[in-house]
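The values are calculated or read from the model by the stated rules, or taken from the named source; none is laboratory data. Nothing here was measured: the structure is a model prediction, and the numbers come from that model. Backbone-built Cβ (ideal geometry, glycine too); neighbour counts: all protein chains shown.
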Amino acid sequence: MVRAVDQWNEFSRFLTDVRGEMRKVVTPSWKEVKATTTVVLIAVFLFGVYFFVVDWIFAFGLDRLLKRLGGLPE
């Protein structure tokens, strides 16, 4: 029985801590949401282009290497 009371007190303390932390949460403004979304979209686009170019370079180099070694028909 004592253990159940201890668990209830611990849970109550946890909920009090959660409530205190939730009071610190700040919702971003619409301007901040648009700005961070724009940054993410630009970053995704740039990384996509970068990885496309790197993949193309490796594919081209591997194709040339295999043709030179006779692994692929010309």
Which of the residues belonging to the range 28-74 are part of a helix (DSSP H, G or I) and touching a Leu at 6+ places or on another chain (Cβ under 6 Å)?
-> L66
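Out of the residues in the range 3-27 that are among the hydrophobic types (A, V, I, L, M, F, W, C) and in a helix (DSSP H, G or I), state the one that is modelled with the lowest pLDDT. Walk me through how you get there before you give the answer.
Our first condition is that a residue be among the hydrophobic types (A, V, I, L, M, F, W, C); within the range 3-27, this holds for 4-5, 8, 11, 14-15, 18, 22, 25-26.
Add one more test, that the residue is in a helix (DSSP H, G or I), and what stays is 4-5, 8, 11, 14-15, 18, 22.
Details: A4: 84, V5: 87, W8: 93, F11: 94, F14: 96, L15: 96, V18: 97, M22: 96.
Among them, the one singled out is A4.
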Given the residues G70, G61, G20, which is the only one that is surrounded by 10 or more Cβ atoms within 10 Å (Cβ to Cβ) and either without any contact (Cβ under 8 Å) to a residue 12 or more places away in the chain or hydrophobic (A, V, I, L, M, F, W, C) (or both)?
-> G61
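Being loosely packed, with under 10 Cβ neighbours inside 10 Å and hydroxyl-bearing (S, T, Y): is that true of T36 here?
no
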